[in-house]
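The values are calculated or read from the model by the stated rules, or taken from the named source; none is laboratory data. Everything quoted here is computed from the prediction, not taken from an experiment. In this analysis, Cβ positions are derived from the backbone assuming ideal geometry, glycine residues included, and neighbour counts consider all displayed protein chains. All accessible areas refer to the heavy atoms of the entire protein, side chains included, with ligands and DNA or RNA removed. Shrake-Rupley method; radii C 1.70, N 1.55, O 1.52, S 1.80 Å.
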Amino acid sequence: MSPQISVIGSGTCEQDSELSLLAEEIGRRLAEAGAVLVCGGLGGVMEAASRGAAQAGGTVIGIVPSDSIEHANPYCTHVVATGIGHARNLAVVASGEAVIAVGGEWGTLSEIGFARRLGRGVVTLRSWQPRGEGAMAEMPGIAVAKSAEQAVSAALASMGQRL
C-alpha cells in the first residue's frame, strides 16, 4: 500500500502566491515519491497541493467538511464527504502517516495539535511553530522545513516513527 501524507494549510491563498507555489511543489514531490496526498479537499493550500500531485500523476484524497463531494477541488481523485464541518480536521490528519503544514490559520493549528496527539510527525513550512513549557518546550515531533523538498523528505523520513 502507498504511504499517505496529509497536507494542511490555509484554505485561502492566491494561486501564484508563495504558499500556493510551495504547496504545489509539495504535492508534486509527494506524487513522484509514490505517496498518496490527503487534504481537506477545498481551496488554497489544499487545492495547490492537490494540483501538484494530480499533474504528476498522483492520487489525492480530499476529506471535505460538507456532505457533498461536489465541494471538493477539481484535482481530488477520491473524495470523502463528512458533513461534520471543522471536525473533519481530525480525519484529515489521522488519515496520513505524517503531516506537512504549509502556512495556515486556526484550523491548521488545530490539525497540528490533533496530529501530535495521534503521534504523527509534523513538518511545518512557513507555518505554526507551537511551543510550550516543560516537555513541550522543544516542539517534540515537529520539524521546521525551509523548502518544499526538505518538507517532503522530512515527512517521508518520519513515517512510522512515533514522535
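Quick notes
- Checking each residue in segment 135-156 for being outside any helix (DSSP H, G or I) and not β-branched (Val, Ile, Thr) picks out Ala137, Glu138, Met139, Pro140, Gly141, Ala143, Ala145, Lys146, Ser147.
- Contact map, segment 16-41: residues that are over 29 Å from Asp67 (Cα atoms) and in contact (Cβ under 8 Å) with a residue 24 or more places away in the chain paired with residues that are open to solvent by less than 50 Å² (accessible area, probe 1.4 Å) and assigned to a loop (DSSP other than H, G, I, E, B), Cβ distance under 7 Å, separation 6+ or inter-chain. Pairs shown: Glu32/Ala56.
- Test: Ala157 is aliphatic (A, V, I, L, M), exposed (fewer than 14 other Cβ atoms within 10 Å of the Cβ) and at pLDDT below 90: no
- Residues of segment 1-23 satisfying the condition of being among the hydrophobic types (A, V, I, L, M, F, W, C) and open to solvent by 30 Å² or more (accessible area, probe 1.4 Å): Met1, Cys13, Leu19, Leu21
- Some residue of segment 80-98 being closer than 14 Å to Ser6 by Cβ, open to solvent by 30 Å² or more (accessible area, probe 1.4 Å), in a strand (DSSP E or B) and not polar (S, T, N, Q): yes
- The one condition from (1) part of a loop (DSSP other than H, G, I, E, B); (2) out of contact with any strand residue (DSSP E or B) (no Cβ under 8 Å at 6 or more places or on another chain); (3) of a type in the set (S, T, N, Q); (4) at pLDDT 95 or above that Ser66 does not meet is (2).
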